[in-house]
Every structure is written in C-alpha cells, then in structure tokens.
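Each value in this text was obtained by applying a stated rule to the coordinates, not by laboratory testing. Computed from a predicted structure; not experimentally measured. In this analysis, Cβ positions are derived from the backbone assuming ideal geometry, glycine residues included, and neighbour counts consider all displayed protein chains.
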Amino acid sequence: MDHLMQTMIQDEKTKQALIDQFAKEAAFIIGEENVSTNKADLLATCRDYWPVTSIWMSEGTVPALPQLVVWPGNTGEVSRLLALADRMKIPVTPYGEGSGALGGVVPLKGGVTIDLKRMNRVRWIDEDNLMVQVESGLNGALYEEQLNRAGYTGGHFPQSLRCSTVGGWLSCRAAGQFSTRYGKIEDMVVALEAVLPGGTTFEGRSVPRTATGPRVDHLMLGSEGTLGVITAATLRIWPLPEKRHLVTYTFERLEDGLEAIRRFMRKGTRPAVVRLYDAQETGNHFPELGDKVCALVLLIEGAPRIVEAEAAEIEACVNQLGAADVGSEPVEHWLEKRFNIAVASMLFQKGAVLDTIEVTTNWHNAYSTYRAMQDALLGVEGTMLASGHYSHVYPEGAALYMTTVGFPGEDKVAYYKKLWQAAMDACLAEGAAISHHHGVGLHRGAWMAEEHGAAFSVLQKIKQALDPNRVMNPGKLGLGEVEKWRK
Amino acid sequence: MAEVNMEQLLNCAFCPNMCRNECPVVQTLGREAVAPSGKARIAALTGQGHLDWDEAMLEAVANCLGCRGCTIHCPFEELNLCDELTFSRLPAGKEGLSLPGWDPYLNNLRRYSSPYGQKKDPVIKHGQGAEVLVFNGCTALANNPASIEAAASLLDKAGVSYQMIEEDCCGYPAEVWGDLALAEQLASENRRKFAESGASVLLTNCPECWSVFTRRYADWGAPLSLEISDGPSFFLQLIREGKLNPGGEVNEIAGLLDAFGIRADKNDGKLALSYHDPCIWARTAEKVDQPREILQSIPGIAIEEPAASRENTRCCGGGSMFQLAFPATAAAIAGRRLGEFPPQAPIVTACPFCREGLKQEEKPVLELVEVLDRCCK
C-alpha cells in the first residue's frame, strides 16, 4: 500500500546517523521548526515539473527523495548550512518553487534539500539608479507586483512567472516572454550574492560594469545549484511603460516570418514580445486565423514616440515579405491566455506525454532546425504532434520552441528518452544549441559534452575547484554520474 | 460523504502550481508541501491508495484557508481545490487521525455546539415568528458582540421584524476538522430550530456560515427552506429602499472612529477608509460591490483600495478557522495582508474572522455594520 517512497533513480543515500547529526546541528543554526524529516516535506521537494516525475507519480513512485529539508531565513544561515554539509560531505540540493522541466531538483543522492522560500524579501529599490536587490526565494509574480506598486517593472515574464522564484530564474539562465526588449535574466543582473560549498559568501558590486577581471558572481548564472547557492541579486528595473502597441501579422510561409523578424532586428527595433508560430500552432492558439498561415504576434512598449517609430519600422519590414495585418486581438488573446497550461494536465490524464524542447538557432539554420526537429519528433513511434514557434529573437538568431504530444502506450519513460534523443540529435546535427532557457537539469546533462566541446572540461575544472567534495546538486548540468537514469 | 473529484484533483496535482503566488499559506510559510499542487498531490496519492495518511500529511493538506485565492488564476473551471482538499482528508478523520491544534476546539464543539466553548446568547431577542432570523455565528458571539448589537440596531431603525435564537455552530468547523458526522448533526439541529422559528429569511453577517448554509446543508441532509441572505446585500437593500438613511458630517464620522480608538486622516475633505474583502463574500458569493456601495452611501467617506481587492482579495489568515487551529500561521498571514493596505486609512470589513485577524493593538478594524449603524440616525 504505502509504496510511494519507492525511488526510481536514486543513486545512493547518506548514512542515517550522519543525517541525524546534520539535523541536530541545523536545528541549532536555523531553529527546529525549520528542519524536517517528515514524509510530506520529503515528498514535496523531491520533484519538479519534469514530465518523468509526473509519470512516476501517477504510478505511485518518486524519482528520488531527500533525507532532510531545511528552510534557512538569511544568507548567513545558508552559509553555515553549506559549511556543515561540506564538512560532513552530505549532498545538498537547492530548491525554489519546483517549476523546472528537466529534473534539476531531483536529489539523486538523497541528502539535504535547502528550500529557499523563506528568503523572499525585496531588500531595497533604488529608483535613481534603476536597481532592485531581492532575495532568491521570492516568487516571480510577487516580485513583479512589488515593483509595479513602486511604479517599475522587472521586465521578466516567463510562463512560470507565478510558480518560479527569482533564484530559479538566475540558476537556470531563464528568459521571459518580453525578453527582446528587456533582455534575458543575465542581461538584467547587475550583481549576485552567493554562497559556495564550505560557506564562503561573496557578492558582486552593484555597478553598471567593471573591467576588473571576470565577474565571478556572474559565474553562478546558470549553474543550477552545482557550484553553490545564489542567495540574492541586484537586478535592473524599468519605469512602467507609458505606451503599449499590439499588432499581429500573418505570413503564408514560416520562412517569410523569420526573414521579416531578421530584417527588423537588423534595423535596431526591439519589440518586447516577438512570437512567430507555425501554421499548426497558429490554428491551435488563434482558431479565427485558421491553420494555413503563420502568425507573428508583436507587443511594442515604452516611451510613446519610440513605440511609434518601432511600429513603423517593423511594419515596413513585414510588408516586404507580404504580411497581412490582422490587428491586435490575437495579441490580447495571447496576453490573457499566456499562463494557461491546463491542457498539459488534461492530456497527461488521458495517457499523453507532452513536453517542450527549446533550442537556439542562428538565422541561417532557424528554419532548417525546425524542420529537422519536427521530422525527428514525428519519427518516434507514438508521437501525434510536433509543432513549433520562435519566441525570443536577436540580431544573431532566434529561440525555437518545439511542443510535442505523444501517446506511447505502456512505457512512457522509454518513449520520453527516445523522443529527446531524436530531438537533440537533430538539433546538434543542424548546429543549433541544445537549450535556450529551460536549462539542463538532470536529463539534458547527457548532451552537455557534445554541446560544449572543449569548453566542457573548463566547466568541469571550475566545478572541481569550487566544490571539491562534490556536494552541490550531484548529477546535474552533466557534472557527475547519473547511473540509474542513464541505464 | 462528499466525494472527491479525482479527475479535478489530478488536474491540480499535475500542474506546476500556476496559482501558488495567490496562496497565502505557502507564500507565508515557504513550505513546498503546503503549496496548492503540493497539497493536491498528497490528497490524490492518499485517495488513490498510493500513500497512507500520517499526521504530517494531514497537517499539510489541512493548511488551506478555504480562501479560493488559488482560483484567481486557475485554468480548471470545475476545480474547487479548497473543497477537494476538505473532502479528501475526511477519511483520515474517520480513521481517527486528528491534529493537536484541532482537538480542543472539536471537544468544545461536541460539548457546547460552539468551538469557543460555553455559548453566549445574543443580548437582543425578539419574539418568535418574526420574518427575519438573524444567525450571528459563533465567532461574532464570542469575539464581537458589538457587531451583533449594531446589526440589531440597524434592523430596529429600518423597522425590520427579526429574531435571534440560541444558535448551534453552523457545522463548517466540524467538517474542516474532519468530523463530518458532527457537522451533519449540527446542521440537523439548526435546521430544526430554523423551521421552528417560523422565519422566512435567514440573515447572516458571517461568510463562513453563509457558505455552509448555501453550499453544504443540502448535502448534509439538512436542506433549508428559508431564503438565505448575506449581510452586505441585505443592508444595502434597506438603504436603497430608504429604510436606512446614512447621514452626518465628515467630522461626525471622524468622531465615530475616535470612539473606536481609530485616528483617521481627512483627505480633500473626505475621510478615507479601506475595505478588506472577505474571501467568501468576494469569490464565492461575489459580493464586492454591495459593501462598497454601503460605504459610499455615507456622506464624506472615500474608499482607498488595498493592493489586492475585490475578487482578487487576499485572505486575512482567518479562513477555515486558522486563528484557532494554526494561530501563528494566521497571525503571519494577517501581517502580510496588513502590509497591502494604505497606512493611514482605517480598515473596514464584513466578516468576524477578518476583523479578528486584521485588528492590531494600535489599529482596530471595524465591521461594516458598526460603521453603518453609527452613521444612520
């Protein structure tokens, strides 16, 4: 009956006597009420939004379990906990709000999960210098809400806005839906505060730029808890935009939409939202447009005269490619529905495996990568749908976001693995990068060496230097063994 | 026993918690197990037989205010997570599992038919047979008899024939604390008394009582034949019909606030008050305009909204009797909510739990009926 605690890919555990000792000392540091070994807390923090964890949950099992959960309340407490874990060589997994899609918080070696959600304060807002300092455990929507009340925006709106933390954004190098104007999370970072294994705390300087060697605080960006714990960040903010312009264009061919975007990005326009859907997704999201055209959804915002100028430049570019202006209504619809992912739960209950795979292309391979990945995904037995859109654009290229739905029958996990192998093979063969903003977590680690080439050994050396006892988030980012999952 | 809708519960369990920013419990405690989907997962896994209840899991699933904040952004239209969580943990109660925070109040309920112990009778009683039966609720009776007197005073001024009876608890606390049989027993007793009263309208100022009368009594085998009316709608109707006439000058109202120990600043010749929408009035009963219209009917009052208001209001920490069962959590949630109000504007609300949760030593909170009564001649 009570077989929930069966773990599917736990590689090892720490001896219980050591965990008990850690719990005792942790209670002294952060208070007994902030240390837990109860089943409810272990269960809650053992997973994220990785589809495999949902598959296993539906079968009454879990990927792996932490042995202890702790809730530090400030950076000093994080430091003391990391020093203790390092000294006792106990694995540590940092946890935010668990919205990651690749198993980044699965505690493969058990140990301690550090839940950072008690660290949720906005420390200060500097209106003159347009900066905010915020602790890493703050929920994204509540962060934006606090800024809005002061008349500012953080400019970062991932689909997980309401279910992810600022620390999570930083740890996986996130990107928000308004990224073409405000930048990705790394563009918003002025400085980070972090704690390394062993307890060393350091903070970058909150100045616009420095030329004093590499910014070591920025090294923590995208480290997914493998190098230490990000405890706070100084981020850029913007006054709330005075004007917003919404417009949608349709193209007969996806390639024409891509070319139009490439041209207006070369002109220097930076609309906040740029989303180009293939015909299938256009039909799904905007039924009134049909499924024979490709919709380009644009949202331009900022100072009124700049918005008007950008809109005019963009219109000129899209007209060169034969676009049709279909008005603002699809953008309004997207704004209203952009956080709605109900279909994922509903399809899952009907036996589907639904996943999204985002990669980065240049302009020369933006379309061919889409075709190659679509063919690869549809080539896996059981796949019913493979569609795509481009959702973040640059002068150099674009992010391609593939959505796939399959009904594989019995062995969903085996199907999931085949699906990803096919998608990553196609992506790498096209010369695209394997992730744009979901990060690596547990599952994508398999392709890290191929993705990075010689640079991966540099990352491995950094890991060895900062975390010689290898306590931080074992098995993630491709840095360490993931034996049971790879079998 | 109410059945869990497992399909809806699983919709939530497989969702990445897209509503968690509006769950005051997880945002206050920071504990993953009490996030909406975290609770749904435990509830689903126990319901499917994958997991046995233990006290920690029961406590996690019970960490729900019933405030329905999670519905603000929920894409599953048929899902009422607060109800599903309540239903899902009833089997644990049947197995004899309870929480230390519940036990003393459950004992009170069983012995006195009130979670607060020995019941206080309402100070005002009118003759049997009056058209309107006023149901005050245990919390107002225990904590704020002044609001009962204010409601009675308003009914007198409006010439409404009413009665108050010796009430039993509405039963909602018993359901929340896992004793459905007790809830049904209390409902049955109340139903009998309501029938004997001869009243045709059941009026309550307590949103929790209103909710259970309208949403549970029929399922509990105690369908009510009376028209059930909520305080904000009822008193607004009396104003609209000209039976209540709020008047007075700004200075008089400032004096009224002084009488409650509240210092209020005047702004542009108007006195600013802030209205806290009780969760049930706002999201279940959809009564957000009525209380505002009542306040606006009083000359010289201006309403300043808190950061989250109307249908998007945030719980004071008092939902589902949290003030009794989880007092520290309730106080912490109230502290967060208070931070969302304009600092100078006194808070008015229309719920005995909200009044209790948001009041501070230096800053009391007023019940809507108290403000209205003072402003009606």
>> Within 11 Å, Cβ to Cβ, of residue A:92, how many net charges do the neighbouring residues add up to if Lys/Arg are +1 and Asp/Glu are -1?
In response: +1
> Once every DSSP H run of n ≥ 4 in chain B is given -39500 (n - 2.57) and the sum is divided by its residues, what mean residue ellipticity at 222 nm do you get, rounded to the nearest 500 deg cm²/dmol?
Replying inline: -12500 deg cm²/dmol
> So if we plug the beta-carbon distance of residue B:233 and residue B:259 into 1/(1 + (r/R0)^6) with R0 = 41 Å, what FRET efficiency do we get, rounded to 0.05?
Replying inline: 0.90
>> Given an 8 Å cut-off on Cα distances and at least 6 residues of separation, report the relative contact order of chain A as a percent.
In response: 15
> With Cβ to Cβ distances under 10 Å as the rule, what net charge do the other residues near residue A:483 carry (K, R +1; D, E -1)?
Replying inline: 0
> Out of every Cα pair in region A:287-442, what percent are spaced more than 20 Å from each other?
Replying inline: 59
>> Hydropathy at least 1.0 by Kyte-Doolittle, axial extent at least 30 angstrom from the Cα trace: which helices of chain A, defined as entire DSSP H runs, fit?
In response: none
> Roughly how tilted is helix B:231-240, in degrees to the nearest 10 and between 0 and 90, from the longest Cα axis of chain B?
Replying inline: 30
> Over all distinct Cα pairs, what is the inverse of the mean 1/r for region A:166-244, reported as the Kirkwood hydrodynamic radius in Å?
Replying inline: 13.4
> Which of B:253, A:306, A:185 comes first, and how do the rest follow, when ranked by fewest Cβ neighbours within 10 Å?
Replying inline: A:306, B:253, A:185
> How large is the helix-only mean residue ellipticity at 222 nm for chain A, computed as the sum of -39500 (n - 2.57) over DSSP H runs with n ≥ 4, divided by its residue count, in deg cm²/dmol to the nearest 500?
Replying inline: -10500 deg cm²/dmol
> Across peptide B:40-53, how many C-beta atoms of other chains are within 10 Å of each residue C-beta, on average?
Replying inline: 4
>> Could you tell me the relative contact order of region B:1-74? Use alpha-carbon pairs under 8 Å, at least six residues apart, and round to a whole percent.
In response: 37
>> Taking beta carbons within 10 Å but only from partner chains, what does the mean come to for residues A:98-104?
In response: 2
> What ratio of Cα Rg to 2.2 N^0.38 Å holds for chain A?
Replying inline: 0.98
> Taking a threshold of 24 Å on the Cα-Cα distance, which of the pairs A:117/A:417; A:337/A:476; A:13/A:39 fall above it?
Replying inline: A:117/A:417; A:337/A:476
> Average projected area of the Cα convex hull of region B:177-221, in nm²?
Replying inline: 3.4
>> Could you tell me the calculated FRET efficiency between residue A:238 and residue B:77, based on Cβ-Cβ distance and R0 = 35 angstrom, to the nearest 0.05?
In response: 0.50
>> Between region B:55-129 and region A:9-64, how far is it from one alpha carbon centroid to the other, in angstrom?
In response: 29
>> Could you tell me the calculated FRET efficiency between residue B:111 and residue A:59, based on Cβ-Cβ distance and R0 = 35 angstrom, to the nearest 0.05?
In response: 0.15
>> Suppose we take every Cα in the protein assembly as shown and form the convex hull; what volume per residue is that in Å³?
In response: 173
> Using 7 Å Cα-to-Cβ label points, what is the residue B:97/residue A:483 separation (nm, one decimal)?
Replying inline: 3.5
> With Rg and the Kirkwood Rh both taken from Cα atoms, where does Rg over Rh land for region A:15-125?
Replying inline: 0.99
>> Over region A:310-458, what is the relative contact order in percent, taking alpha-carbon pairs closer than 8 angstrom and at least six residues apart?
In response: 25
> Quick one: Kirkwood hydrodynamic radius for region B:189-344, alpha-carbon pairs, angstrom, one decimal?
Replying inline: 17.8
> Using a cut-off of 25 Å between alpha-carbon atoms, which lysines can reach residue B:193, once sequence neighbours fewer than 8 places away in the same chain are excluded?
Replying inline: B:119, B:120, B:125
> Restricting to region B:265-377, what percent of DSSP beta bridges are antiparallel, rounded to 5?
Replying inline: 25
> Considering the Cα trace of region A:253-304, what is its radius of gyration and what is Dmax, both in angstroms?
Replying inline: 12.2, 35
> Among all the aspartates and glutamates, which ones have a C-alpha under 14 Å from residue A:484's C-alpha, if same-chain residues fewer than 8 places away are not counted?
Replying inline: A:11, A:12
> Roughly what % antiparallel, to the nearest 5, for the DSSP beta bridges in chain B?
Replying inline: 15
>> Need one value for B:67-74: mean number of C-beta atoms belonging to other chains within 10 Å of its residues' C-beta atoms.
In response: 1
> Restricting the count to DSSP beta bridges whose residues both fall in the protein assembly as shown, what percent are antiparallel, rounded to a multiple of 5?
Replying inline: 70
> What lysines could a cross-link reach from residue B:270, if we take a straight Cα to Cα line under 22 Å and drop same-chain neighbours fewer than 8 places away?
Replying inline: B:363, B:377
> Size of the dipole of region A:133-190 about the Cα centre, Lys and Arg at +1 and Asp and Glu at -1 on the beta carbon, nothing else charged, in debye to 20?
Replying inline: 120
